[in-house]
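Q: First, the structure itself, so that you have it in front of you.
The values are calculated or read from the model by the stated rules, or taken from the named source; none is laboratory data. Remember, it's a predicted structure, so these values are computed and weren't measured experimentally. Heads up, the Cβs are rebuilt from the backbone with ideal geometry, glycines too, and the neighbour counts pull from every protein chain shown.
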Amino acid sequence: MCDLYGAECWPTKRRHVQQLSVAEMRMLRWFCGHTRRDRVRNEIIRDRVGVAPIDEKLTQHRLRWLPVRNGVLEWVDNVKRGRGRPKLTWDESVKRDLKDWNISKEIALDRSAWRLAINVPEP
């Protein structure tokens, strides 16, 4: 479930997603030859370049790695947690993504239907 360096194990924080979004828009503006002073909306630039928002693409890539073994989804639910606010785990972020996108876990068993369900089309 984790890649070699463990980068896929930790969920992305909202702050990191926001920083990625800002960096992406900087590059897209530079690519189009616009500056912030030109006051061109982000949606217009995204449509012109044909790029989907980075947060949707991150969710798509996170859901792509959902582990399915022998026709059963693997969830680890019996984890002892300490006091205080629990840290967001990769499993919990995947469950949240499934809930946000209204995707059932049974679709994951049919991988072709799964790829269609998690696909984020480029505009």
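Q: Keeping to region 71-123, report how many residues are of a type in the set (G, A, S), more than 14 Å from Q60 (Cα to Cα) and in contact with a Leu (Cβ under 7 Å, 6 or more places away or on another chain).
A: 1
Q: Determine whether region 66-89 contains at least one residue that is at pLDDT 85 or above, over 23 Å from R14 (Cα atoms) and not in a loop (DSSP other than H, G, I, E, B).
A: No.
Q: For region 23-44, does any single residue satisfy the condition of being among the hydroxyl-bearing types (S, T, Y), loosely packed, with under 12 Cβ neighbours inside 10 Å and in a helix (DSSP H, G or I)? Step through it out loud before you land on a result.
A: Restricting attention to region 23-44, the residues satisfying the condition of being among the hydroxyl-bearing types (S, T, Y) are 35.
Those still in the list that are loosely packed, with under 12 Cβ neighbours inside 10 Å too: 35.
If we keep only those that are in a helix (DSSP H, G or I) too, we end up with none.
The answer is no; no qualifying residue exists.
Q: Moving on. So for region 103-111 (the condition being of a type in the set (S, T, Y), without any contact (Cβ under 8 Å) to a residue 40 or more places away in the chain and in a loop (DSSP other than H, G, I, E, B)), does at least one residue qualify?
A: The first filter runs over region 103-111 and keeps only residues of a type in the set (S, T, Y), leaving 104.
Next, from what is left, pick out any that are without any contact (Cβ under 8 Å) to a residue 40 or more places away in the chain: 104.
Still in the list and also in a loop (DSSP other than H, G, I, E, B): 104.
Checked against the condition, which is being of a type in the set (S, T, Y), without any contact (Cβ under 8 Å) to a residue 40 or more places away in the chain and in a loop (DSSP other than H, G, I, E, B), region 103-111 yields at least one hit.
Q: OK, next. Among W101, W90, which is surrounded by 15 or more Cβ atoms within 10 Å (Cβ to Cβ) and aromatic (F, W, Y)? Reasoning before the result, please.
A: On the way: W101 fails: surrounded by 15 or more Cβ atoms within 10 Å (Cβ to Cβ).
Checking each option against the conditions leaves just W90.
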